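S.K.: Attaching a single structure in structure tokens format; questions to follow.
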Amino acid sequence: MRIVLRGSTGLPIGHAAALARDRRKGRFVGHSMAKITGPNAFAARYARRSSARWITAATAAMSASSAFSPSPSAASAFYVRDQSASSLANAHAGATADAEDLTYMFFNGAALAGVPSSGVAMLGTFTHAHARFDDGRASNALGSPIGGGNSDGGGNTLVPALYGAWKLDETFTQLADVVLGLAINAPFGFETEYDEDWIGRYHAVQSRLRTIDFNPVIAYRPIDGLSIAAGLQVEYVDAKLTSALDFGSLGAANGVPGAQPGAQDGFAKLTGDDWGYGWTAGLLFEPLPGTRLGLSYRSAVHQQLKGDTRVRLDDAGVGAALGVKPGTTAARAKLTLPEVIGIGLYQDLPHGWAVMADVTWTRWSRYRELRISVSDPAKPDDVTEEDWRDTWSFSAGATYRPSEDWALRTGIGYDQSPTRNKTRTPRTPSNNGLLIALGASYQAAPNIGFSVGYGHYFIESARIGLAADEPGNAARGNLSGSSHNGVDMLALQVNWSF
């Protein structure tokens with residue numbers, strides 16, 4: 001994932017980029033330094049760059065260089081797999097190979113080829129997440145402590161989904177074994193929001209990414225036991241990132257009278273949206289009755305978000321004394337949502353039992369760096385290394401059918417986190433997690449069925465340790481602590497066939 005921000009006049013981000021790059025080389029432009037250590041040396045470096053233009057750039061980079069850094073709602077970062085109550089109840093085990101109802105087309109469009117009739121499915125997934133930051137310690141680049149309490153960045157969300165299928169042979173007899181489908185989902189998304197005065201406010205306050213994906217699919221069964229599908233993704237994304245600006249520390253470092261580190265905060269907000277396009281493909285193979293193998297692919301979607309940054313100064317006038325101008329600046333960002341590949345197995349057993357398993361790979365290694373550029377090509381980019389890694393998710397589950405109308409489900413899953421200890425931020429407090437799930441389905445009438453699924457993610461404690469002398473953190477300061485995360489999900493679903 002490569003992210004580029006381009007600002008118009010008003011917030012010259014490029015000078016902060018030059019600062020970050022030269023600091024990695026152990027020097028500033030025009031000031032040779034073989035080695036710099038300790039807070040006093042760092043304070044000296046601060047003072048050398050006391051121009052209003054550099055301070056403006058620092059405040060811009062403080063907010064913008066962490067903008068669009070994704071933050072997870074669960075262990076698997078911000079890829080949202082909870083698009084089916086039936087699948088959630090099995091911890092998404094076998095989701096790529098199951099074809100029980102229309103909602104499985106999210107995981108594998110080839111599931112459409114097996115539907116008995118046209119119909120629709122609707123569901124809503126309620127999610128309660130907590131991302132509690134504890135044992136927090138923070139200081140600015142000069143070593144002065146930053147006040148503020150710990151905070152919980154979690155919250156509640158409701159994610160809807162809608163599916164439809166049309167068997168063409170019901171209208172056109174010559175088009176047997178062809179099914180058209182449409183899925184409307186939010187396949188990627190997250191939101192964390194900390195208190196505006198919390199101890200890590202200079203690194204993150206609010207982080208939000210929302211998507212709506214329209215996925216028309218065509219599925220075809222060329223021979224008995226084999227189904228294939230292909231689809232188009234039309235995806236809208238909307239993002240908002242905010243953080244506080246430590247004008248007090250910047251003012252103290254540059255001799256502004258009355259400046260108090262950590263006590264005179266401004267605020268920055270970045271918003272943007274865009275449409276992107278991709279595709280999906282799937283295959284479902286049934287070598288024996290009751291045995292199904294599934295393979296699915298969801299392509300990357302490349303977005304170029306357009307929006308603006310807004311800066312609010314502190315009430316004490318320190319930001320104004322530094323020459324920072326409040327207001328709005330045009331911004332642009334590139335965001336690539338990653339590829340997802342799934343492999344699934346479903347097996348019927350005697351006496352109403354079935355077992356299933358699934359493996360999912362997500363290409364998070366696209367997110368290697370956060371790159372900020374300005375419109376002036378003479379100014380260098382600001383680069384923050386992220387170094388995310390590809391992830392694997394594993395799940396296994398079982399379903400028991402005590403009667404034709406009822407199905408009882410359970411499952412367990414394990415998700416890897418793409419973040420690494422050295423690059424994890426409050427916007428990305430993800431770590432590996434274990435999902436435990438259960439639920440049930442009930443066929444109330446020949447054409448109406450209901451499903452419910454519940455799951456809880458047990459996520460490992462995520463350590464955060466950010467240093468002011470690392471690229472991009474000069475104006476944010478040092479921050480350390482632990483994020484204790486967990487997610488509860490409850491999905492309700494109705495299936496209606498025509």
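The values are calculated or read from the model by the stated rules, or taken from the named source; none is laboratory data. Treat the numbers as computed from the prediction; the structure is a model and nothing was measured. Cβ coordinates were reconstructed from backbone atoms using ideal geometry, including for glycine residues, and neighbour counts include every protein chain displayed. Ligands, DNA and RNA are excluded from the accessible area calculation, which covers all protein heavy atoms including side chains. Shrake-Rupley method; radii C 1.70, N 1.55, O 1.52, S 1.80 Å.
S.K.: I'd like to know if the range 173-194 contains one or more residues that are more than 20 Å from the chain's Cα centre (by Cα) and over 25 Å from residue 292 (Cβ atoms).
M.R.: Yes, the conditions are met somewhere in the range 173-194.
S.K.: Just a yes or no: is a residue in the range 277-295 farther than 28 Å from residue 356 by Cα and open to solvent by less than 70 Å² (accessible area, probe 1.4 Å)?
M.R.: Yes, the range 277-295 contains a residue that is farther than 28 Å from residue 356 by Cα and open to solvent by less than 70 Å² (accessible area, probe 1.4 Å).
S.K.: Which condition does residue 428 not pass, out of (1) within 22 Å of residue 367 (Cα to Cα); (2) in a strand (DSSP E or B), if it passes all the others?
M.R.: Residue 428 satisfies every listed condition except (2).
S.K.: If you take the residues in the range 197-232 that are closer than 30 Å to residue 264 by Cβ, among the charged types (D, E, K, R) and part of a loop (DSSP other than H, G, I, E, B), which one is farthest from the chain's Cα centre (by Cα)?
M.R.: Ranking the candidates gives 197 first.
S.K.: Quick test for you: out of 123, 112, pick the one residue that is within 24 Å of residue 237 (Cβ to Cβ) and either hydrophobic (A, V, I, L, M, F, W, C) or touching a helix residue (DSSP H, G or I) at 6+ places or on another chain (Cβ under 7 Å) (or both).
M.R.: Checking each option against the conditions leaves just 123.
S.K.: Considering only residues that are open to solvent by 40 Å² or more (accessible area, probe 1.4 Å) and assigned to a strand (DSSP E or B), which ones fall in the range 246-276?
M.R.: Selection gives 265, 269, 273, 275.
S.K.: Do we find a residue being in a loop (DSSP other than H, G, I, E, B) and open to solvent by 20 Å² or more (accessible area, probe 1.4 Å) anywhere in the range 482-496?
M.R.: No, there is no match, as no residue in the range 482-496 is in a loop (DSSP other than H, G, I, E, B) and open to solvent by 20 Å² or more (accessible area, probe 1.4 Å).
S.K.: Which of the residues belonging to the range 317-357 are closer than 22 Å to residue 246 by Cα, assigned to a loop (DSSP other than H, G, I, E, B) and open to solvent by less than 70 Å² (accessible area, probe 1.4 Å)?
M.R.: Those that are closer than 22 Å to residue 246 by Cα, assigned to a loop (DSSP other than H, G, I, E, B) and open to solvent by less than 70 Å² (accessible area, probe 1.4 Å): 317, 322, 323, 324.
S.K.: Can you say whether residue 242 is assigned to a strand (DSSP E or B) and in contact (Cβ under 8 Å) with a residue 60 or more places away in the chain, as far as the supplied structure shows?
M.R.: yes
S.K.: Still on this structure, I have one more. For residues in the range 132-153 being polar (S, T, N, Q) and out of contact with any Phe, Trp or Tyr (no Cβ under 9 Å at 6 or more places or on another chain), which is nearest to residue 195 (Cα to Cα)?
M.R.: 139
S.K.: Only one of (1) touching a strand residue (DSSP E or B) at 6+ places or on another chain (Cβ under 7 Å); (2) modelled with pLDDT of 90 or more; (3) surrounded by fewer than 20 Cβ atoms within 10 Å (Cβ to Cβ); (4) closer than 20 Å to residue 482 by Cα is not met by residue 130, so which one is it?
M.R.: (2)
S.K.: Scan (1) open to solvent by less than 20 Å² (accessible area, probe 1.4 Å); (2) part of a loop (DSSP other than H, G, I, E, B); (3) at pLDDT below 50; (4) not polar (S, T, N, Q) for the single condition residue 61 breaks and write down its number.
M.R.: Going through the list (1) open to solvent by less than 20 Å² (accessible area, probe 1.4 Å); (2) part of a loop (DSSP other than H, G, I, E, B); (3) at pLDDT below 50; (4) not polar (S, T, N, Q), residue 61 breaks only (2).
S.K.: Go through 434, 438 for me and flag whichever is surrounded by fewer than 18 Cβ atoms within 10 Å (Cβ to Cβ), at pLDDT 95 or above, under 26 Å from residue 127 (Cβ atoms) and not small (Gly, Ala, Ser).
M.R.: Just a single option satisfies the conditions, and that option is 434.
S.K.: Let me ask another. Residues 472, 486: which one is touching a strand residue (DSSP E or B) at 6+ places or on another chain (Cβ under 6 Å), closer than 30 Å to residue 268 by Cβ and modelled with pLDDT under 90?
M.R.: 472
S.K.: Looking only at the range 167-209, filter to residues that are hydroxyl-bearing (Ser, Thr, Tyr) and open to solvent by less than 20 Å² (accessible area, probe 1.4 Å); which one of those is nearest to residue 272 (Cα to Cα)?
M.R.: Looking at the filtered set, the residue picked out is 207.
S.K.: So, one more: Mind telling me which of the residues 427, 420, 409 ends up being among the charged types (D, E, K, R) and closer than 18 Å to residue 95 by Cα?
M.R.: It is 409.
S.K.: Ok, one more. Please find, among 109, 153, 119, 114, the residue that is in contact with a strand residue (DSSP E or B) (Cβ under 9 Å, 6 or more places away or on another chain), closer than 17 Å to residue 449 by Cβ and open to solvent by less than 20 Å² (accessible area, probe 1.4 Å).
M.R.: Of 109, 153, 119, 114, the one residue that is in contact with a strand residue (DSSP E or B) (Cβ under 9 Å, 6 or more places away or on another chain), closer than 17 Å to residue 449 by Cβ and open to solvent by less than 20 Å² (accessible area, probe 1.4 Å) is 119.
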